[in-house]
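In what follows, a structure is listed as structure tokens, so that the remarks can point back to it.
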Amino acid sequence: MSAWSEVGPIWRSVRRHRAFALLVVEVALGFFIIGNLIMTCRWYASRAMPSSGHREVDVVEVVSRGPAEPTDVSTARHRAELAALAAIPGVRRAVAVSSSELDDRWDVPEIFWTDAGTPAGPSACEGVARSPAGVVVGWTVAADDGFADALDLRLVEGAQAQRPVFITRCLRDALFGGAPALGRTLHSNHAPDARITGVVEDVRVRAPFLIQPHVAAIYPQLPSDPRVGHVFLRTEPGRAEAVRDAVASALPDATAPDHIVSARVVAGAETLLSGVARGTAVLLVYVGALLGLLAILGNFAVAAFLVGERQRIIGVRRALGASRWDVLRYLLIENLLPTQLGNLCGLVVVLATLPAARLRFAGIRFDIIDTLATAFLLSLGGVVAKLVPALRATRIPPSVVTRSL
Amino acid sequence: MTSMSLLGYHVRLAVRSLRRDPGVALVMWLSLALGNSVWALAAAEQLRFDGRDVSLSPTLHQVEVLRPRDANAVFEDGAAGNPYLAPVAIHARTMHTYAEGQALASSGVPARQSTGIRAEVVVRGPEGGAEARVARFTNAAFFGMFDRTFAAGGPWAARDDAGGTGVVVLGFATGRKLFPRGDGVGRAVTIEGRRYHVVGVLADYQPLNAPWQLLIWGGFEDALFLPLGDFDPLGAWPEEPIYRTPPDGLDRAALLRSDALFVMSWVDLPTPAHVEAYRSDLDRRLGPGRYVLRSLDQWRRAFPMPATQLSFFSFLAVVVLVGGVFTLARFLLTKGLTRAPELGVYRALGAPRAAIFARTWVEGMLLATPAALLGPLFQLPTAFAFNHLVKFVDMPLELSRLGVLVGALVPLGAAAIGTLYPAWRLSRTRPTRYLGMG
């Protein structure tokens, strides 16, 4: 007798069982939980180490923070630090910036708009939102001349990234629908109006959980905390670690009591928030495994009881000629049928609640791989939970049917 | 039989029933305890986010300054559909410019008022190196208005609000880090190179979503508190100002002159007379029709919290709880139905339906109760993993009384309800079912 020919009778038998509906609901709940855990875990993992979009090798980020001083004093200090860092052997170029892609404090975005109003059609940069009034949300950075060269930014428009402002390709596409941006005026709530003189290929803030991190404008100057100085150092190939180690000795104030200096090699550096994303993904795997274990245990308890109390029925089947394999197959199919129905119900619930998930996890998707993985894991869990009681059941001899209570 | 002896009788029967399959009962109990541990962790995190253990006076009020609609409306307009814009939209409506903050702070009408600005400062304790920490520059009244309790010392005096007296209150985590022996009060710390004396150390972490400045996303705890008057002398740069139009310069003075939003103000208006007097004062300071004054309740209704990732996981934890209840119900039902002939014997021998109902229900509760009570304990390994893997703030998740209560009582209540169905279903077993035996 093939497994397929048994499905019909088993299905008719199973659905009459009073706990059948409960099992289907339980599996549906399990699908909802595991499916969402897989989906959110993948979402966090994808944000753990986003690419900055520029050449990160041989780049060192230096942050120097001193106590409050008069503006001219702090400006002079930053200039002296920049010169000292540029003089470190192995440094090709040193540029000061207001913020770095490794910063953790990027909470409040800025806005950009132009005099051109809203271009026809949707934003030419996929996934970048633009308000009906043509306002685009993004990020601003202030950087010295040479920023584009130091980070090897690729120019999309313009001969070289010149002052006063250059923007990323996605900001151009969102603002101008893909039309050329050179010479147009950029308005922002953070910086004075400026003429766009260059468009660079997208670079992004490496902190996860930010809106449109690749939509940015790079200005020569912005209001920023004068106590803090950020510097990017482009080093000779393979010299990044050596340069990083030399930073503390190059800066005269590095050992002052109320001065904080840090230096990191950009390639592979983990920010606080990317660590949070990676940690959350790992935690979700852990919680998923825990819940999988409890689902198996719960199923095992019910299955063990069910099989233990059905010795006579199994004995009858054995007496009528069923082999051990037939009994095993029967019990496993009996479990798999409601499991698949529960998977289907769970999928419907997950899809129904996906908009709510998208409100909390921008761009999250529940794709076919997630669906199959969830259904597979739940089915596997069901089989594992049933396997031990089912194997025990195969050892029930046909003679058990002749025993009375 | 008295009801107590009847209960004892049902408990004995339920215990006997469980002891017939001790291994299965143990596995079921372990499964429920694991499920409860996930629930307890999510509940504890949601509770500390909501700040349920902070009692705020309903007479707290806040002023929203009405501003002309401009390009900045993109935050408010996009908030409903974008998780990143919603907090900015709330902040943009609830925070004030530096000038507005000063104007509001100078009103003498409220019974109490607090103005707050978050800014990073460099702190150095008696031992160890300098560290950058987030300070809140505020008034002495802040601590009373927001129910902040002290482990040692207390707030600075109101006269210190003007600054220059070198006093500081340490937050719980900072106090513990700088003075692990708890002897911080009276000791000195260095802030931005200046000497400050610790006058108080808070007794507990602040709620994750601090009610005095909601949705400081990814923001660390207010590590220390400094008098508002020290904000200028220390040259502090406000944390994450929301720019509306570009400042007219690059320096701090230009930022303070600008319409950037970074000041949070609250007032306490305990009587209707206070409210009326404050409205008159605001008419004079801001202009009639240029503001909305809201009580705490009105404020909460006007600014519902946006959808958070935490609320999503809390919902998942509720589903885990419901799943656990279904597992328990299915277990009891399967067990009861496979032993229906035995139940038929009981019924044939005169056992009323209520007895079968009570025995099944008690059996379910015997499984659920230890699992519920141990849930908060079982959460500890997960909480440990959470604190070490997801360090998005400097306030680790710790067991709290409320967290333990909610972590244990809710699963217990859910199990009590969930067990009703199998108990009811099995109590309907007909006496003739015993004929099916053999």
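Inside the range B:325-356, residues that are more than 9 Å from chain A (Cβ to nearest Cβ), of a type outside the set (Ser, Thr, Tyr) and part of a helix (DSSP H, G or I) make up a count of 14.
Restricting attention to the range B:139-195, the residues being over 22 Å from the mean Cα position of the chain (by Cα), closer than 19 Å to B:Pro211 by Cα and basic (Lys, Arg) number 0. Among (1) within 30 Å of B:Val74 (Cα to Cα); (2) surrounded by fewer than 16 Cβ atoms within 10 Å (Cβ to Cβ), where does A:Pro89 come up short? Checking A:Pro89 against (1) within 30 Å of B:Val74 (Cα to Cα); (2) surrounded by fewer than 16 Cβ atoms within 10 Å (Cβ to Cβ), the one that fails is (1). Restricting attention to the range A:130-141, the residues that are under 23 Å from A:Ala94 (Cβ atoms) and either buried (at least 21 other Cβ atoms within 10 Å of the Cβ) or touching a Lys or Arg at 6+ places or on another chain (Cβ under 9 Å) (or both) add up to 2. Put simply, of B:Leu26, B:Leu34, B:Leu6, B:Leu104 the only residue that is out of contact with any Gly (no Cβ under 9 Å at 6 or more places or on another chain), crowded, with 18+ Cβ neighbours inside 10 Å and either within 14 Å of chain A (Cβ to nearest Cβ) or part of a helix (DSSP H, G or I) (or both) is B:Leu104.
Restricting attention to the range B:144-167, report how many residues are part of a strand (DSSP E or B) and under 13 Å from B:Ser114 (Cα atoms). Number satisfying all stated conditions: 0. When the range B:65-80 is examined, which residues are found to be modelled with pLDDT of 85 or more and in a helix (DSSP H, G or I)? Correct list: B:Ala73, B:Val74, B:Phe75, B:Glu76, B:Asp77.
With the structure loaded, tell me whether B:Ala385 is within 13 Å of chain A (Cβ to nearest Cβ) and part of a helix (DSSP H, G or I) or whether it fails that test. Judged against the criteria, B:Ala385 is a match. Looking across the range A:208-257, just one residue is touching a Cys at 6+ places or on another chain (Cβ under 6 Å) and at pLDDT below 90, and that is A:His214.
If you check A:Phe300, A:Phe366 for being in contact (Cβ under 8 Å) with a residue 40 or more places away in the chain, surrounded by 14 or more Cβ atoms within 10 Å (Cβ to Cβ), in a helix (DSSP H, G or I) and of a type outside the set (Gly, Ala, Ser), only one passes: A:Phe300. Would you mention how many residues in the range A:338-355 are surrounded by fewer than 19 Cβ atoms within 10 Å (Cβ to Cβ) and under 18 Å from A:Ser5 (Cα atoms)? So the count comes out to 1.
Among the listed residues B:Phe331, B:Phe326, B:Phe315, which satisfies the condition of being at pLDDT 90 or above and either hydrophobic (A, V, I, L, M, F, W, C) or crowded, with 22+ Cβ neighbours inside 10 Å (or both)?
B:Phe315
Could you go through the range B:373-396 and let me know if any residue there is acidic (Asp, Glu) and under 17 Å from A:Phe305 (Cβ atoms). Scanning the range B:373-396, I find no residue that is acidic (Asp, Glu) and under 17 Å from A:Phe305 (Cβ atoms), so the answer is no.
If you filter the range A:260-287 down to residues that are surrounded by fewer than 20 Cβ atoms within 10 Å (Cβ to Cβ) and assigned to a loop (DSSP other than H, G, I, E, B), you find that the one that is nearest to the other protein chains (Cβ to nearest Cβ) is A:Glu270.
Cβ-Cβ contacts under 6 Å between residues 6 or more apart (or on different chains), taken from a first residue in the range A:57-73 that is facing another protein chain (nearest Cβ under 10 Å) to a second residue that is of a type in the set (Lys, Arg), are listed as A:Arg65/A:Arg227; A:Gly66/A:Arg227; A:Ala68/A:Arg227.
Looking at (1) in contact (Cβ under 8 Å) with a residue 24 or more places away in the chain; (2) touching a Gly at 6+ places or on another chain (Cβ under 8 Å); (3) within 14 Å of another protein chain (Cβ to nearest Cβ), can you tell me which one B:Leu66 breaks? Answer for B:Leu66: the failing condition is (3).
Can you pull out every residue in the range A:305-320 that is buried (at least 18 other Cβ atoms within 10 Å of the Cβ) and at pLDDT 75 or above?
The answer is A:Ile314, A:Gly315, A:Arg317, A:Arg318.
In the range B:367-389, how many are within 23 Å of B:Gly8 (Cα to Cα) and surrounded by 17 or more Cβ atoms within 10 Å (Cβ to Cβ)? Within the range B:367-389, residues that are within 23 Å of B:Gly8 (Cα to Cα) and surrounded by 17 or more Cβ atoms within 10 Å (Cβ to Cβ) number 6.
When the range B:107-140 is limited to residues that are assigned to a loop (DSSP other than H, G, I, E, B) and away from chain A (no Cβ under 14 Å), the one that is nearest to B:Arg285 (Cα to Cα) turns out to be B:Ser107.
Matching residues to (1) closer than 27 Å to B:Gln102 by Cα; (2) touching a residue at least 60 places away in the same chain (Cβ under 8 Å):
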| site | (1), (2) |
| --- | --- |
| B:Arg148 | yes, no |
| B:Val185 | no, no |
| B:Gly200 | yes, no |
| B:Leu226 | yes, yes |
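The residues in the range A:213-258 that are within 14 Å of chain B (Cβ to nearest Cβ), more than 19 Å from A:Glu56 (Cα to Cα) and not in a loop (DSSP other than H, G, I, E, B) can be counted, and the count is 5. The requirement of being free of Cβ contacts under 8 Å to residues at least 12 places away in the same chain and either part of a strand (DSSP E or B) or more than 32 Å from the chain's Cα centre (by Cα) (or both) is satisfied by A:Ala83.
Residues of the range B:240-254 being at the interface with chain A (Cβ under 8 Å from one of its Cβ atoms), among the aliphatic types (A, V, I, L, M) and either assigned to a loop (DSSP other than H, G, I, E, B) or without any contact (Cβ under 8 Å) to a residue 60 or more places away in the chain (or both), which ones?
Within the range B:240-254, B:Leu250, B:Ala254 qualify.
What are the residues in the range A:44-80 that are outside any loop (DSSP other than H, G, I, E, B) and of a type in the set (A, V, I, L, M), if any? Within the range A:44-80, A:Ala45, A:Ala48, A:Val59, A:Val60, A:Val62, A:Val63, A:Val73, A:Ala76, A:Ala80 qualify.
Here is the figure for the range B:261-288: residues that are among the acidic types (Asp, Glu) and crowded, with 23+ Cβ neighbours inside 10 Å total 0. Inclusion of B:Leu349 among residues that are free of Cβ contacts under 8 Å to residues at least 60 places away in the same chain, surrounded by fewer than 24 Cβ atoms within 10 Å (Cβ to Cβ) and over 19 Å from the mean Cα position of the chain (by Cα) is warranted.
The values are calculated or read from the model by the stated rules, or taken from the named source; none is laboratory data. Predicted model only: the values in this text are computed from it and were never measured. When we count neighbours, we look across all protein chains shown, and the Cβ atoms used for this are built from the backbone with ideal geometry, even at glycine.
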